[in-house]
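Data first, discussion second: the structure below is written as structure tokens.
The values are calculated or read from the model by the stated rules, or taken from the named source; none is laboratory data. Here the structure is a predicted model, which means the values were calculated and not measured. Cβ coordinates were reconstructed from backbone atoms using ideal geometry, including for glycine residues, and neighbour counts include every protein chain displayed.
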Amino acid sequence: MSNASMNNARLYQVLKGPVFSEKSQLLGDTLGVQVFKVDKNATKLEIKKAVELMFDGVEVLKVNTLNVKGKTKRFGRTIGRRNDYKKAYVTLKSGQEVTNEALSQADDTAQSNIADNSDLQATDAPATDAQVNA
């Protein structure tokens, strides 16, 4: 596998999904900032490339990231904790936006690319006795 295709596979795994909140909607409407949940190990450069790859014609000006600590929650007597995650505020060039249709289309594209990559890895593996006998 070439380095470019491995890099694209990584970029498709960087964005986990959009964040829908009052604050993110307000930022999107006024300043052109989109908010995403991203992989904990993702860098700002990876996030920028992933957004530009998934949403055609979108140019990213800057990326701000922050780590969100999971809240402690009680379930009766049991004390639980939500997962920590990383959030990215992506500033787009003025006049550009990421629509809900583009978000769902990008999610479908990412899922199909991940499935395609897993198929490639599965076919590279040597056949087992059960597969040979079938």
Open item on the list: When you check Ala106 against the structure, is it hydrophobic (A, V, I, L, M, F, W, C) and at pLDDT below 70, yes or no?
Closed with: yes
- [ ] Could you list all residues from the stretch 69-103 that are modelled with pLDDT of 85 or more and at positive phi?
- [x] Gly76
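Can you find, within the stretch 32-68, the residue that is modelled with the lowest pLDDT among those that are surrounded by fewer than 17 Cβ atoms within 10 Å (Cβ to Cβ) and assigned to a helix (DSSP H, G or I)?
Initially, the stretch 32-68 is screened for residues surrounded by fewer than 17 Cβ atoms within 10 Å (Cβ to Cβ), giving 37, 40-41, 43-45, 52, 56-57, 59, 61-62, 64-68.
After this cut, where a residue has to be assigned to a helix (DSSP H, G or I) as well, the list is 44-45, 52.
Numbers: Lys44: 94, Leu45: 94, Glu52: 90.
Ranking the candidates gives Glu52 first.
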